[in-house]
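See below for the structure under consideration.
The values are calculated or read from the model by the stated rules, or taken from the named source; none is laboratory data. This structure is a prediction, so every number in the text was calculated from the model and none was measured. Cβ: placed from backbone, ideal geometry, glycine included. Neighbour counts: every protein chain shown. What goes into the accessible areas is simple: the full protein's heavy atoms, side chains included, and nothing from ligands, DNA or RNA. Shrake-Rupley method; radii C 1.70, N 1.55, O 1.52, S 1.80 Å.
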Amino acid sequence: MTHDEALKQLSRLARERAFGRHVGSDRLIQAGLDALITGVESPSLAMLAGLLRSEEPEAPELFDQVLEELGFAFRPPADPRAAKWAMAHWIAGQIVDGSLDPATGTHLIWADIAYDLGYPEDLEPLVHCAHNLDGWDETWGVSREELNQEAVEAANQLLSKRPGYDDQH
């Protein structure tokens, strides 16, 4: 892992937590260790990376401290609908950059976002991809790779509708 990859991992975990996804203390500690090993510097980073199993309950608070020190703290919009849209764009960005499997990403958008937003038209292509990837069968005459590419294109389409949105950090 490189320095930049370690920073990206910290940022990704910060967003996962901010959007209400569970991130285990073990992953927070490992991310801290990865960052420390790659030369990331923060006053609280060594404390996070050095936590023992019995100290895992301290990890979330230390992780948040590290994020503040690095300027990576992220707070989703206070409005619940705006927060769901922010999460949809963040997931779409991960599908596009290859850091999230298209089947997993489209399923998250379908199950965790589209329903709550009343299945808006802008998310329809991603929900459609989620259904296809979820129920794919080799007898369909289309490869799973083609369906994955369709999901990447749908994610790109969603991102193109929100110019200037900070969904990549």
Legend entry - Carbon/sulfur fraction of accessible area - region 1-85, other protein chains in place, 1.4 Å, %: 52 percent
Inset, instruction - Could you state the angle between the C-alpha long axis of helix 124-135 and the longest principal axis of the C-alpha atoms of the chain, as a value from 0 to 90 degrees rounded to the nearest 10? - result: 90 degrees
Inset, instruction - Would you work out the charge dipole size for region 79-169 about its Cα centre, treating the Cβ of every Lys and Arg as +1 and the Cβ of every Asp and Glu as -1, and quote it to the nearest 20 debye? - result: 280 debye
Legend entry - Probe 1.4 Å - accessible area at Lys84, Å² to nearest ten: 50 Å²
Inset, instruction - Per residue of region 23-40, in order, report the coupling 6.51 cos²θ - 1.76 cosθ + 1.60 (Karplus, θ = phi - 60°) as ³J(HN,Hα) in whole Hz, putting x for Gly and Pro. - result: 10, x, 4, 4, 5, 5, 5, 4, 4, x, 5, 4, 5, 4, 4, 8, x, 5
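Taking only protein heavy atoms into account and a 1.4 Å probe, give the accessible area per residue of region 41-169 in Å².
Numbers: 7180 Å² over 129 residues.
The answer is 56 Å² per residue.
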